[in-house]
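Enquirer: Here it is, the structure, as structure tokens.
Throughout, read-outs are computed from the coordinates displayed, never taken from laboratory work. What you see is a predicted model; the values in this text were computed from it and never measured. Note that each Cβ is placed from the backbone with ideal geometry, even for glycine, and that neighbours are counted across all protein chains shown.
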Amino acid sequence: MSIRCYIPTTLTALRAGLESVHAVAPDAQGRELGGEELEAREFDALCIAAALAATQAFEASAVSPRAVVAYDAPDSSAGEGLAEGFDVLTLDGVEMTSIASIHLDEAEVWEEAADIAAQRGTEAAEDHLGEADLLWYDVSELPELLRDQD
């Protein structure tokens, strides 16, 4: 078995490789749910990770679009409570073969957020990103995504 979790990161960090990271996942009770209830809990975990990624996008010295990596972590991954119903997992490494999908900001949305950050600050830019959905990409598209961002 594995734990579906969501790694908040940035496109620049993703390009550099995911070594030691934190990920958001439904807690043990949430992972026992099935069907639509589990899907809803996983979607909420993705949304939490997207908000954390937005913060990371403007923290680094090189401002970079946010990314969320859907990842199947080993059941033995260490976790601790993050918020009611959710854990944060500590992952020492990320196996590329266990990445399920990648979620990125649409280029236009990211450019708007970067402009907003320059004009009104990062909090306003994070709010703007919070109103936008991330685009879904299959893991097989990762090399192309990283090339396109150069």
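Enquirer: Would you grab the residues whose amide H sits under 5 Å from the one on residue 101? Only those 5+ places off in sequence or on another chain, please, with H modelled 1.01 Å from N.
Expert: The answer is 70.
Enquirer: Restricting to DSSP loop positions (anything but H, G, I, E, B) with no more than 13 other Cβ atoms inside 10 Å of their own Cβ, which GluC sites (Glu not before Pro) remain in segment 97-147? If you can, show how the numbers build up before the last one.
Expert: Values: sites: 106, 108, 111, 112, 123, 126, 131, 141, 144; in loops: 106, 131.
Filter output for segment 97-147: 106, 131.
Enquirer: Still on this structure, please answer the following. Which GluC sites (Glu not before Pro) from segment 1-50 combine a DSSP loop assignment with at most 15 other Cβ atoms within 10 Å? Let's see the in-between values first.
Expert: Details: sites: 19, 32, 36, 37, 39, 42; in loops: 19, 32.
Filter output for segment 1-50: 19, 32.
Enquirer: If you don't mind, there's one more thing I want to ask. Need one word for segment 32-82: rounded, prolate or oblate. Basis is the Cα gyration tensor (sqrt eigenvalues a ≥ b ≥ c); a/c below 1.5 gives rounded, then a/b vs b/c decides. Kindly include the intermediate steps, with their values, before the conclusion.
Expert: Details: a/c = 2.68, a/b = 1.85, b/c = 1.45.
Cα axes put segment 32-82 in the prolate bin.
Enquirer: May I pose another question? Given H placed 1.01 Å from N in the peptide plane, which residues other than close sequence neighbours of residue 10 have an amide H under 5 Å from its amide H?
Expert: Residues meeting the amide H criterion: 67.
Enquirer: So if each residue of separation counts as 0.36 nm, and I subtract the Cα-Cα distance between residue 95 and residue 43, what length gain in nm does that give? Provide the component values of the computation, followed by the final result.
Expert: Working: separation 52, 0.36 × 52 = 18.72 nm, distance 2.19 nm.
Extra length from residue 95 to residue 43 when fully extended: 16.5 nm.
Enquirer: Run the simple label-point estimate for residue 76 and residue 120 please: 7 Å along Cα→C-beta, distance reported in nm.
Expert: About 4.9 nm, to one decimal.
Enquirer: Cα convex hull of segment 2-139: how many Å³ per residue? It would help to have the intermediate numbers written out before the result.
Expert: Working: hull volume 14.8 nm³, N = 138.
Spelled out: Cα convex hull of segment 2-139, divided by residues, is 107 Å³.
Enquirer: Let me ask something else about it. Run the helix sum for the chain: -39,500 (n - 2.57) per DSSP H stretch of 4+ residues, divided by residue count, reported at 222 nm to the nearest 500 deg cm²/dmol. Write down the numbers at each step before the final one.
Expert: Numbers: 6 runs with 65 residues, N = 150.
Rounded to the nearest 500, it is -13000 deg cm²/dmol.
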